[in-house]
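One structure is given below, encoded as structure tokens.
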Amino acid sequence: MRTHTLAVRGGSTLDPQTGAVSFPIYQTSTYTMPGAGTPRTFQGRSLGYARTENPTRTALETTLARLENAKYGIAFSSGLAAINSVLHLLKSGDHVIVSRDLYAGVFQQFTRLISGFGIEVDFVELTDLEALRAAIQPRTRMVWVETPSNPTLAITDIAEVAAIAKQQDMLTVVDSTFATPILQRPLEMGADVVVHSATKYINGHADVISGVVATNDSGLADEIRFVQDIAGAVPSPMDCFLVARGLQTLALRMERHSENALKLAMVLEANEHVARVRYPGLDSDPGHEVAKRQMTGFGGMVSFELKGPASDAILLLNNLNHFDLATSLGGVRSMICHPASMTHSSMTPEQRFDSGLPDGLIRMSVGLEDVEDLIEDLDQAIKQVYRRTTSYVHSPLVPSPAAARAASLKRL
């Protein structure tokens, strides 16, 4: 089946009990057995206790696996729970190479969680393959790639990283949340595992917290599914139902997200007050050529910086009308955030600097509204900022220009 058909019909088979077109919510904690030692089954899985198996979850996992062209899909109660399950593949003494630029919650898992179990972590600029090769140790077990990255939208060459990893008998894990299976399929490029925060585009309606892991390796799938069951980080039947419903429009939504984002990125790039725009669909983007090879579209995320001090980002955000100021992304409504004070505020200024995250960076999740309304809204907000020619209003959320300069000099 082709992508659009997979999204609509990929795995949610008709309910075997009723033939219902919309797969039901099996809201139960356990299942009766027809006889001692004879469990009921659904799609080849034994039904005993709902933490281990649930038909609504199984239907969702089947669809997610097929969209990734994977043999196994495993759903979780959040994106971080999905990621944590993959980190359980590591053991004390292992070494992991991780994308330098990535979501702060994942950064915290590597720096504050697994590091306490004797696992060594190095953050490396994975867009530089020589830097990757130089970071490999005899104990390196895994390379963790986030592409496009959150929030700077750096693009890493999945096929090249996976080839290097395979030569060294290392696992390649790709967080493909920003791309979704519609725009990028890392397993087809040699990755061993792909993870998503299904909270974002896969669900698409900002009403669910969920995650997913997909792989073609039966051994890895068994280990990850064991963690899913024993750690108990399973999504509820209602959440599975909502994610499955969102999947049916995923292909259509990603087309519109990508279309709107490209137009906004082009308008921002032409604006005299914008210092830099990061969007892999722009010819000027450093990751554009790689993105063209490994993505079928460039997604709905755009990041940019204004030419003024970092505090101008706060002024801009406070003058918008058609963007929700929120930490999440991937919904039908446009959202915008200031990572330094919101999504990545748990990182120290030094950690953000080391990861390449500027204090003035603005991250946009471009929604499905009429793009002309979004363009007009951004234009008026930027004009509002630069009408204040005599002085800047500094928010306590970000350093003043003087403080930012002092910090930069200190780093030098």
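The values are calculated or read from the model by the stated rules, or taken from the named source; none is laboratory data. From a predicted model like this one, the values you see are computed outputs, not experimental measurements. Every residue, glycine among them, receives a Cβ derived from its backbone with ideal geometry; neighbour counts consider all protein chains shown.
Annotations
- Considering the conditions (1) within 18 Å of the chain's Cα centre (by Cα); (2) surrounded by fewer than 23 Cβ atoms within 10 Å (Cβ to Cβ); (3) at pLDDT 95 or above; (4) not basic (K, R), V290 is excluded by exactly one of them, (1).
- Among the residues making up the range 286-313, those that are in contact (Cβ under 8 Å) with a residue 40 or more places away in the chain and either in contact with a strand residue (DSSP E or B) (Cβ under 7 Å, 6 or more places away or on another chain) or in a strand (DSSP E or B) (or both) are G300, M301, V302, S303, F304, E305, L306, D312, A313.
- Scanning the range 145-185 for residues being more than 13 Å from the chain's Cα centre (by Cα) and either of a type in the set (K, R) or not in a loop (DSSP other than H, G, I, E, B) (or both) gives a total of 14.
- Among residues of the range 240-268 that are β-branched (V, I, T), those with a Cβ under 7 angstrom from a residue that is part of a helix (DSSP H, G or I), sequence gap 6+ or separate chain, pair up as V243/L60; V267/I375.
- Matching residues, the range 240-267, being in a helix (DSSP H, G or I), over 17 Å from the mean Cα position of the chain (by Cα) and within 12 Å of H205 (Cα to Cα): L242, A244, R245
- Looking at G79, G44, just one residue is in the same structural domain as Q184 (by TED's automatic domain parsing) and closer than 29 Å to G330 by Cα, and that residue is G79.
- Across the range 330-353, not a single residue is classified as assigned to a helix (DSSP H, G or I), touching a strand residue (DSSP E or B) at 6+ places or on another chain (Cβ under 8 Å) and surrounded by fewer than 19 Cβ atoms within 10 Å (Cβ to Cβ).
- Unmet requirement for L316, which otherwise passes all of (1) within 30 Å of A75 (Cα to Cα); (2) in contact (Cβ under 8 Å) with a residue 12 or more places away in the chain: (1)
- Reported count of residues in the range 182-200, each being under 17 Å from R66 (Cα atoms) and either touching a Leu at 6+ places or on another chain (Cβ under 6 Å) or not small (G, A, S) (or both), is 13.
- Here T156 qualifies as of a type in the set (S, T, N, Q), buried (at least 24 other Cβ atoms within 10 Å of the Cβ) and touching a strand residue (DSSP E or B) at 6+ places or on another chain (Cβ under 7 Å).
- Residue-level check: of (1) in contact (Cβ under 8 Å) with a residue 24 or more places away in the chain; (2) farther than 22 Å from D192 by Cβ, S29 misses just (1).
- Looking only at the range 239-257, residues that are among the small types (G, A, S) and in contact with a Phe, Trp or Tyr (Cβ under 8 Å, 6 or more places away or on another chain) come to 1 in all.
- The strands (runs of 3 or more DSSP E) found entirely in the range 51-130 include none that carry 2 or more residues being within 18 Å of the chain's Cα centre (by Cα) and of a type in the set (S, T, N, Q).
- Entry remark, the range 313-329: residues being touching a Leu at 6+ places or on another chain (Cβ under 7 Å) and exposed (fewer than 15 other Cβ atoms within 10 Å of the Cβ) number 1 in total.
- Among the residues of the range 268-287, the one identified as of a type in the set (A, V, I, L, M), in contact with a helix residue (DSSP H, G or I) (Cβ under 6 Å, 6 or more places away or on another chain) and either surrounded by fewer than 19 Cβ atoms within 10 Å (Cβ to Cβ) or not assigned by TED's automatic domain parsing to the domain that holds K383 (or both) is V274.
- Scope the range 221-244; condition surrounded by fewer than 18 Cβ atoms within 10 Å (Cβ to Cβ) and out of contact with any strand residue (DSSP E or B) (no Cβ under 7 Å at 6 or more places or on another chain); matching residues: D222, E223, F226, D229, I230, A231, G232, M238
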